[in-house]
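K.L.:
First the structure, then my questions, so here it is.
Nothing in this text is a laboratory measurement; each read-out follows from the coordinates by a stated rule. The structure presented is a predicted model; accordingly, all values stated were derived computationally and were not measured. For neighbour counting, all protein chains shown are included, and Cβ atoms are generated from backbone atoms with ideal geometry for every residue, glycine included.
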Amino acid sequence: AAAEKGGWSSFMAKEVSEDPEAVANTLRGRIVDGLPSLGELGALDDETLRGIDRVQIVACGTAAYSAMVGEYAIETWARIPVEVDLAHEYRYRDPIVDERTLVISISQSGETMDTKMAVQHAIEQGARTLSICNTQGSTIARASEAVLYTHAGPEVAVASTKAFLAQVVGLLLTGLHIARVRGTMTDEAIREVTEALEALPDQLRTLLAEQGEIRELAQWMSDTRSVLFLGRHVGYPVALEGALKLKELSYIHAEGFAAGELKHGPIALIEPGQVVFVVVPSPRHQQGLHAKVVSNIQEIRARGARVIAVAEAGDAAVMPYANQVLRIPLTLPLLEPVLSVVPLHVFALELATAKGLDVDQPRNLAKSVTVE
Ligand code: G6P
């Protein structure tokens, strides 16, 4: 087993180190001359995609958070209404589905029973189906009309890391492809995004080399009993993912919130000493949102809590208020989750390690849940 981990202390640590390759492999061969090229979608040809009037994304766990990022991207770029459903809730809300609906399932394993049943329901209703999946030949991939394999490589640790990044990138590629086919973006606008996508692997390498600070933070926090995560826009699913990973691995109470909800309830939880991670939107691209999140940070600090901000390089406005700032390289807003989630994954890994827990096999969890 030590050899399989390639010198890393855990599969999870190894898999996080593989983030850059996972993203590069998801992108490989799918951008040609700066434009998305997904000929592999077969039955979901351009004419079919032009006829789609609704997208529904179904997934569980971490994959469902990648789906939320996909919702923002597909709506922004392709201008089609998108809904995200936890796969196990999908059938039971009796969703409106027909042959003009594209149902995208997201699954690392391709074997999650809840997700498989949602896809089956979609097929019964006549929907078109796309699987974004990491496992070749898996059940969900085979059940779907088309598959976009993420090619992130095998993921052994129960907690998903590199597969999450690959799922987000797979959804971003899908959104751009649909936008190109439907003519909702100019080639120039698409090229701005593909250029940013192609920069991600190197940016991830730089980012991963800078995570020593988080190890220290995790060691210092090993007795913490509760951690909150806040984010807005695509930073919201990142906050949810940060909280999920922390509770899964270190058995600490962790909750993610949309930062705008703070004043509608969660602020009651803020007390001296409470640690709050805040995923901060880009001040360059999202000035209005950025100001609102900085004001959230001030409100949290005013109540004596400790703020750890995940913010883009050069964002000086967070400095006076955050106790600590974890920096991420510059990208476009819809791509940010691919970078901003990394310090949160590393934090969960390091905190569980500091507590002496088995990070690859957390209690009560399974890598792939093949029962409903
Ligand atoms: C399990 C795993 C999670 C994963 C979820 C969905 O609960 O513990 O890490 O996110 O299943 O798995 P999938 O293989 O469908 O992506």
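K.L.:
Which distance in nm do the two modelled labels at Ser222 and Arg284 give, with both placed 7 Å along the Cα-to-Cβ direction?
P.N.:
About 3.9 nm separates the two model spin labels.
K.L.:
Mind ordering 39-46, 101-108, 187-194 by average Cβ neighbours within 10 Å, highest first?
P.N.:
Values: 39-46: 14.2, 101-108: 27.9, 187-194: 15.9.
In decreasing order of mean packing, 39-46, 101-108, 187-194 become 101-108, 187-194, 39-46.
K.L.:
Run the helix sum for the chain: -39,500 (n - 2.57) per DSSP H stretch of 4+ residues, divided by residue count, reported at 222 nm to the nearest 500 deg cm²/dmol. Don't skip to the end; give the middle numbers.
P.N.:
Numbers: 13 runs with 163 residues, N = 372.
One gets -14000 deg cm²/dmol as the mean residue ellipticity at 222 nm.
K.L.:
What's the extension gain from Ser9 to Ile267 if we count 0.36 nm per residue and subtract their Cα-Cα distance?
P.N.:
Details: separation 258, 0.36 × 258 = 92.88 nm, distance 3.75 nm.
Residue separation times 0.36 nm, minus the Cα-Cα distance, leaves 89.1 nm.
K.L.:
Which links in Lys5/Lys367; Lys292/Lys367; Lys5/Lys162; Lys162/Lys247; Lys162/Lys263 stretch past 26 Å when you go from one Cα to the other? Don't jump to the answer; show the numbers that get you there.
P.N.:
Values: Lys5/Lys367 17 Å; Lys292/Lys367 37 Å; Lys5/Lys162 15 Å; Lys162/Lys247 18 Å; Lys162/Lys263 33 Å.
Beyond 26 Å between Cα atoms: Lys292/Lys367; Lys162/Lys263.
K.L.:
Order of Phe229, Phe11 from fewest to most other C-beta atoms within 10 Å? Intermediate values should be presented prior to the final figure.
P.N.:
On the way: Phe229 29, Phe11 22.
Ordered by Cβ neighbours within 10 Å, fewest first: Phe11, Phe229.
K.L.:
Here is a follow-up. Apply the a/c threshold of 1.5 to the C-alpha gyration tensor of the range 12-85 and tell me whether it is rounded, prolate or oblate.
P.N.:
In terms of gyration-tensor shape, oblate.
K.L.:
Could I ask something else about it? Helix 113-124: angle to the longest alpha-carbon principal axis of the chain, degrees 0 to 90, nearest 10?
P.N.:
30 degrees
K.L.:
Let me ask something additional. Enter the angle in degrees (range 0 to 90, nearest 10) between the Cα long axis of helix 235-250 and the first principal axis of the Cα atoms of the chain, meaning the one along which they spread out most.
P.N.:
It is inclined by approximately 70 degrees.
K.L.:
For Tyr149, Tyr65, which order do you get if you count the other beta carbons within 10 Å of each Cβ and list the fewest first?
P.N.:
Values: Tyr149 20, Tyr65 30.
Taking fewest neighbouring Cβ atoms as first place, the list is Tyr149, Tyr65.
K.L.:
Taking the chain as the reference, fit the longest principal axis to its C-alpha atoms, fit the long axis of helix 62-78 to the helix C-alpha atoms, and give the angle between the two in degrees, 0 to 90, nearest 10.
P.N.:
Computed tilt is about 60 degrees.
K.L.:
Another one. Assuming R0 = 30 Å, what is the FRET efficiency of Glu40 and Gln125, from their Cβ-Cβ distance, to the nearest 0.05? Display every interim value, and only then the final one.
P.N.:
Values: r = 25 Å, r/R0 = 0.82.
Working from the Cβ atoms, E equals 0.75.
K.L.:
Okay, next question. Cα centroid distance between the range 1-64 and the range 104-170, in Å?
P.N.:
One Cα centre to the other: 10 Å.
K.L.:
Taking only Cα atoms and a 10 Å spring cutoff, compute GNM fluctuations for the chain and point out the largest among Ser226, Ser250, Ser160.
P.N.:
Per the Cα network of the chain with a 10 Å cutoff, Ser226 tops the list.
K.L.:
So, one more: Determine, from the Cβ-Cβ distance of Arg363 and Thr206 and an R0 of 30 Å, the FRET efficiency 1/(1 + (r/R0)^6), rounded to the nearest 0.05. Intermediate values should be presented prior to the final figure.
P.N.:
Details: r = 34 Å, r/R0 = 1.15.
Here the calculated transfer efficiency is 0.30.
K.L.:
Placing one identical point scatterer on every Cα of the range 89-207 and ignoring solvent, what is log10 I(q)/I(0) from the Debye formula at q = 0.22 Å⁻¹?
P.N.:
Those come out to -1.23, one per q.
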